[in-house]
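Single-structure report; data block below.
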Amino acid sequence: MTRTATRRLACLALAIWLCAVVNAAAQGVLPSAYTVKPSDVAVPEGETLGEFRRMIQPFKNWTLICDESLKSKRRVCNVTQSIVNAQGAVAFNWSLIATADGKPLMAMRIPTAAGVGAQIELAMGNSPDRIVAQTDRCDANFCFATIAIGNVLRRHIRAATPCLVSYPLPQAGPIVLEAPLDGLSGVLAKLK
């Protein structure tokens, strides 16, 4: 077959395909090879699309995430940090959040394999000051623990102390990693 004949066949095949697409569109049926990817931002219950805004602002070691309802003018922010392993999987995540009455909490997440009741230890400073929390629930991705922000943690946040995090992981043994507090006080200053 000559080049010209090959081109004519290719053009004929393209024309037939375009006719099929136009015909399908006229009948309200389009090929389903492609779809619109939904937003990565999940709109909370009670909010409507276009009336909800998320702002993400990076800082040193931390990310400020604020969600705002344009309808009610209510804004909720949290500051988060994720530590990942060599494969890019989250090994530790913590977020500074506020309760409904404004009290600050640190919500921590570790891999689901740790299970309910796993102890997460935070060691800060040379002494070191230790805070121990226990996971109280798990989902398909993470186990969760929460601690109140007390005077010890506030002092280390102001001092930007390195924080050594450790927790047990079945089949992998103890996990020990550094989660720096450096940068957190700068984020908090922006929220005032």
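The values are calculated or read from the model by the stated rules, or taken from the named source; none is laboratory data. Note that the structure is a prediction, hence the values are computed from the model and not measured. Please note: Cβ atoms are built from the backbone with ideal geometry, for glycine as well, and neighbour counts cover all protein chains shown. SASA here: full protein model, heavy atoms, side chains in, ligands and nucleic acids out. Shrake-Rupley method; radii C 1.70, N 1.55, O 1.52, S 1.80 Å.
One table, with the values for the structure above:
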| quantity | calculated |
| --- | --- |
| Odd one out for Ala114, checked against (1) farther than 23 Å from Thr63 by Cα; (2) over 22 Å from the mean Cα position of the chain (by Cα); (3) open to solvent by less than 30 Å² (accessible area, probe 1.4 Å) | (2) |
| All positions within segment 117-127 that are closer than 22 Å to Ile157 by Cα and exposed (fewer than 12 other Cβ atoms within 10 Å of the Cβ) | Asn126, Ser127 |
| Within segment 79-121, tally of residues that are in contact (Cβ under 8 Å) with a residue 24 or more places away in the chain, farther than 19 Å from Gly173 by Cβ and in a strand (DSSP E or B) | 11 |
| Some residue of segment 63-73 being among the polar types (S, T, N, Q), over 14 Å from Leu188 (Cβ atoms) and assigned to a strand (DSSP E or B) | yes |
| Residues of segment 59-89 satisfying the condition of being open to solvent by less than 50 Å² (accessible area, probe 1.4 Å) and of a type in the set (Val, Ile, Thr) | Thr63, Ile65, Val79, Thr80, Ile83 |
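For every residue, the table says whether it meets (1) modelled with pLDDT under 95; (2) under 15 Å from Pro111 (Cβ atoms); (3) out of contact with any strand residue (DSSP E or B) (no Cβ under 7 Å at 6 or more places or on another chain); (4) among the aliphatic types (A, V, I, L, M).
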site: Asp129; (1), (2), (3), (4): yes, no, yes, no
site: Ala133; (1), (2), (3), (4): no, no, no, yes
site: Phe144; (1), (2), (3), (4): no, yes, no, no
site: Val152; (1), (2), (3), (4): yes, no, no, yes
site: His156; (1), (2), (3), (4): yes, no, no, no
site: Ala159; (1), (2), (3), (4): yes, no, yes, yes
site: Pro170; (1), (2), (3), (4): yes, yes, yes, no
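The rows are residues; the columns are (1) under 14 Å from Pro180 (Cα atoms); (2) of a type outside the set (D, E, K, R); (3) loosely packed, with under 12 Cβ neighbours inside 10 Å.
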{"residue": "Asp129", "(1), (2), (3)": "no, no, no"}
{"residue": "Arg137", "(1), (2), (3)": "no, no, yes"}
{"residue": "Cys143", "(1), (2), (3)": "no, yes, no"}
{"residue": "Gly150", "(1), (2), (3)": "no, yes, yes"}
{"residue": "Pro162", "(1), (2), (3)": "yes, yes, no"}
{"residue": "Tyr167", "(1), (2), (3)": "no, yes, no"}
